[in-house]
Amino acid sequence: MSDVGEGDSSGDRPSGDPAGSGWQYKRSDRSRRNGPLRRRFRDLRRRALSPLVPLLVPAFLRGLGWTWRVRIANGERREEQLESGDGCVAVLWHGRMAAAAPVFAGVNTVILVSMSGDGELANSTLERLGYRTLRGSSSRYGVRALKAMREMLRGGGAVAITPDGPRGPMHRVNRGAAFLARDSGLPIVPFGFAASTAVRLHSWDRFMIPLPFSRVQVVIGAPIRVDAHATDQDLRAVSEGIGEALVATELEAAELLGVEADW
């Protein structure tokens, strides 16, 4: 999945603190001094690799996902919210996008993709994976984008959003999903993921890639509905609730697999 809300963040947790756990990133003085050099290297690497990503990543994910042993807890919610009815706003942490690919495969899903340069790369990759995309921000999408989204979801399906994306901090929920749910009338459905064995990248989101033949546990949380007349303060509370629900589904997924949460 891709992301992707670009709304403001809610809550007063430290930057990078997963749902109030007290954990946070710490940057050294040396890291700050090397920041411009790292950014230049990152930009050069991105320009060099960008043409290859849409060509290689879809095939890689399809082949890798075929080996995973995926189990879904509360699978009836998948049928109710994704395969029938009026659709939903599916939320998952940014670092779980690779693990989520098999869950949304073959389901009517619209991926909300940011307008950034990274979003352009993600958009090309997702289209090659067979997903439909809608460019924009989940908190600044406008009436036209909202109508397009509802038309795309006619007959059921999901708008997939990573509420801590596109750039984090990790597990800091912005208000994009709550805005979208309020203005579209769709319920928010949290998806949690855990893997028995996985590679975790040294990125802000600890991006998880389950290894071949890994057991992948998915937990689908209860729908969260947002009142059509919810105020901005109400949306902050909803966003906090989304974060808590996502943490709960991830903890349950890890417990079902008998592994520790990886954040």
Go through the stretch 222-263 and count every residue that is of a type in the set (A, V, I, L, M, F, W, C), farther than 11 Å from PRO190 by Cβ and in contact with a Pro (Cβ under 6 Å, 6 or more places away or on another chain). 1
For GLY168, indicate whether it is at positive phi, modelled with pLDDT under 85 and buried (at least 22 other Cβ atoms within 10 Å of the Cβ). no
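Being of a type in the set (Phe, Trp, Tyr) and closer than 22 Å to VAL89 by Cβ is true for just one of PHE179, PHE213. Which residue is that?
On the way: PHE213 fails: closer than 22 Å to VAL89 by Cβ.
One residue alone meets the criteria, PHE179.
Based on this model, can you work out whether PRO58 counts as part of a loop (DSSP other than H, G, I, E, B), modelled with pLDDT of 65 or more and of a type outside the set (Phe, Trp, Tyr)? Reasoning before the result, please.
Details: part of a loop (DSSP other than H, G, I, E, B): no; modelled with pLDDT of 65 or more: yes; of a type outside the set (Phe, Trp, Tyr): yes.
So PRO58 fails the test.
Regarding LEU134, is this residue modelled with pLDDT under 90 and more than 16 Å from SER114 (Cα to Cα)?
Numbers: modelled with pLDDT under 90: yes; more than 16 Å from SER114 (Cα to Cα): no.
Judged against the criteria, LEU134 is not a match.
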Could you tell me which residue of the stretch 191-245 is farthest from TRP68 (Cα to Cα), considering only residues that are in a loop (DSSP other than H, G, I, E, B) and among the hydroxyl-bearing types (Ser, Thr, Tyr)? THR231
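Within the stretch 177-190, can one find any residue that is assigned to a loop (DSSP other than H, G, I, E, B) and over 20 Å from PHE104 (Cα atoms)?
Looking only at the stretch 177-190, we keep the residues that are assigned to a loop (DSSP other than H, G, I, E, B), and these are 185-187.
Then keep just the ones that are over 20 Å from PHE104 (Cα atoms); that gives 185.
The answer is yes; a qualifying residue exists.
Using the structure shown, decide if PRO163 is assigned to a loop (DSSP other than H, G, I, E, B), in contact with a strand residue (DSSP E or B) (Cβ under 6 Å, 6 or more places away or on another chain) and in contact (Cβ under 8 Å) with a residue 60 or more places away in the chain. Before you say what the answer is, go through the steps one by one.
Details: assigned to a loop (DSSP other than H, G, I, E, B): yes; in contact with a strand residue (DSSP E or B) (Cβ under 6 Å, 6 or more places away or on another chain): yes; in contact (Cβ under 8 Å) with a residue 60 or more places away in the chain: yes.
Spelling it out, PRO163 is indeed assigned to a loop (DSSP other than H, G, I, E, B), in contact with a strand residue (DSSP E or B) (Cβ under 6 Å, 6 or more places away or on another chain) and in contact (Cβ under 8 Å) with a residue 60 or more places away in the chain.
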Would you mind stating whether GLU255 is at pLDDT 95 or above and assigned to a helix (DSSP H, G or I)? yes
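The values are calculated or read from the model by the stated rules, or taken from the named source; none is laboratory data. Because the structure is a prediction, the values reported are computed rather than measured. Using ideal geometry, Cβ is built from the backbone for each residue, glycine included, and neighbour counts are taken over all protein chains shown.
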